[in-house]
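Data block below; observations after.
The values are calculated or read from the model by the stated rules, or taken from the named source; none is laboratory data. If you're wondering where the values come from, they're calculated on a predicted model, not measured in any experiment. Note that we place each Cβ from the backbone using ideal geometry, even for glycine, and neighbour counts take in every protein chain shown.
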């Protein structure tokens with residue numbers, strides 16, 4: 001009698017990611033939820049969240065008990081599973097300054113500041129780009145930044161000039177072009 005060969009196994013159906021992968025994904029969502037809890041109320045308002053998740057995040061801020069907070073964070077992670085995390089992560093990246101768009105914006109503003117320091121005539125182009133710009137304030141900041149550089153002082157006005165340009169750029173007029181240098 002010949003020995004019976006075992007029947008070839010049918011190819012197993014792919015059941016999706018492994019248990020370890022699912023756990024890592026859930027932990028990543030819970031970590032994303034923890035970042036939301038740490039945001040200031042102003043920044044949190046800018047993040048696109050469903051109402052249930054926004055309420056859970058606000059509740060987590062209120063909880064001081066370690067175990068209660070841990071359980072609330074798990075609940076936030078559970079709610080995060082039903083939400084597309086990409087827009088949330090994109091907004092957090094913008095807040096952290098790591099998004100490509102935000103980095104490009106920062107570089108554009110730095111170039112604008114350098115060009116303004118090199119040529120005061122750029123103020124007229126800034127005035128046409130941002131009609132509400134306080135040119136007198138920008139002129140004073142420019143003059144003070146140049147004095148600081150000349151005297152070897154800390155760059156306080158240099159930084160303030162960047163902040164003023166950033167505030168202008170973030171203003172309500174988003175349909176502007178960068179002034180040519």
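Regarding region 75-83, can at least one residue be identified that is in the same structural domain as residue 26 (by TED's automatic domain parsing), under 20 Å from the mean Cα position of the chain (by Cα), surrounded by fewer than 17 Cβ atoms within 10 Å (Cβ to Cβ) and at pLDDT below 90? No, the conditions are met nowhere in region 75-83. Looking at region 1-42, which of the residues that are farther than 30 Å from residue 61 by Cβ and surrounded by 10 or more Cβ atoms within 10 Å (Cβ to Cβ) is modelled with the highest pLDDT? For region 1-42, the residue satisfying everything is 21. Applying the set (1) more than 18 Å from residue 168 (Cα to Cα); (2) part of a helix (DSSP H, G or I); (3) outside the structural domain of residue 52 (by TED's automatic domain parsing) to residue 136 leaves exactly one unmet item: (1). Taking first residues from region 119-134 that are closer than 16 Å to residue 163 by Cβ and partners that are part of a helix (DSSP H, G or I), the Cβ contacts under 6 Å between residues at least 6 apart in sequence or on separate chains come to 130/168; 133/126; 133/127; 133/168. Residue 129 falls short on exactly one of the conditions (1) touching a helix residue (DSSP H, G or I) at 6+ places or on another chain (Cβ under 7 Å); (2) not assigned by TED's automatic domain parsing to the domain that holds residue 51, and that condition is (1). Please go through region 90-122 and give me each residue that is surrounded by 12 or more Cβ atoms within 10 Å (Cβ to Cβ) and either more than 28 Å from residue 139 (Cα to Cα) or in contact with a strand residue (DSSP E or B) (Cβ under 6 Å, 6 or more places away or on another chain) (or both), ordered by number. Passing the criteria: 90, 91, 92, 93, 94, 95, 99.
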